[in-house]
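For reference, the structure discussed in these notes is given below.
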Amino acid sequence: MSDGVFSLTDQLKVRTRRRPVRAVVLAGGRGTRLAPYTSVLPKPLMPIGDRSILELVLSQLAACGITDVTLCVGYLSHLIEAVLTNRADDGVEITYVREQKALGTAAPLRLVAGLDSTFIAMNGDVLTTLDYDALVRYHRRSRNILTIATRDRPIQIDYGVLHLGENGRRNRVEAYLEKPHMKSTVSMGIYVLEPEALAYIPPTGHFDFPDLVQKLLQRGDPVGAYRYKGLWFDIGRREDYEQAVSAWIQEEAGDSPDRRPLNVARREV
């Protein structure tokens, strides 16, 4: 191996030495945007076909060889444990971390023991066909301390948008766009982290992933974006939940023998 150049043999040796990737699934939120459904059912247990969102997430992780999963739970956690205890055997070993109060999206990671190598952290209400293997490979190849899976998202503005002048023309209208469509690159709620990133999560209090990203950026640490163009539903939004259910029903009516449209991630290691 010369400086900066890895042969295929070198790469295979490195992969052999690497420990299996763990996943931390954040499933403790109240899901207020999906009320009143979530007044009696935690959001990760919302049904998609004959299975819950969380069961689909676990099966996708298992399909990529990720079988060591920690669930950070809080709201209605007893229901989550009851459902997962009685699920079909998928080879996934689940450890539970219980939040006594809402901690945000990043702070629960400080409660998880043994995060001493590359790991995935993700929301428990994400349905996607993302290949987790490809995401982790990209993260390692880019040598990021944190990589965010991203998706371009159209945004409909429900108002007429004015473009105004500057300086002495601040009250002059220069353009008028009626209910424009915009596009933003958004987080999918799926992250790959190196354990060094955990040092920037404070020992107490509420802390979200945007807070962690800001801390890392302030220090100049490499934070990357993995651009994904495939299927992704943010089940925290009622519209996306309804679309996800509709997509499942359409697949059920089709010719697929597996009938699991969202369980298509594949192992490519």
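The values are calculated or read from the model by the stated rules, or taken from the named source; none is laboratory data. Just so we're clear, the structure is a prediction, and the values are computed from it rather than from any experiment. Backbone-built Cβ (ideal geometry, glycine too); neighbour counts: all protein chains shown. Keep in mind that these areas ignore ligands, DNA and RNA; they rest on the heavy atoms of the full protein, side chains included. Shrake-Rupley method; radii C 1.70, N 1.55, O 1.52, S 1.80 Å.
Data overview
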quantity: Computed label-point distance, nm, for sites K101 and V173 using a 7 Å Cα→Cβ extension; calculated: 4.9 nm
quantity: Accessible solvent surface per residue of segment 144-260, calculated while the other protein chains remain in place, 1.4 angstrom probe, Å²; calculated: 65 Å²
quantity: Rounded percent of accessible protein surface that carbon and sulfur make up, segment 59-168, 1.4 Å probe; calculated: 50 percent
quantity: Anisotropy class of segment 156-248 from Cα gyration tensor, a/c 1.5 cut; calculated: oblate
quantity: Set of lysines with alpha-carbon distance to K229 below 20 Å, sequence-local pairs under 8 removed; calculated: K183
quantity: Gain in span if fully extended, S184 to T204, counting 0.36 nm per residue against the direct Cα distance; calculated: 4.0 nm
quantity: Burial order of peptide ranges 204-213, 154-163, 89-98 (average beta-carbon count within 10 Å, highest first); calculated: 204-213, 89-98, 154-163
quantity: Shape call, segment 48-183: gyration tensor on alpha carbons, a/c limit 1.5; calculated: prolate
quantity: Segment 89-154 shape via C-alpha gyration tensor axes, a/c threshold 1.5; calculated: rounded
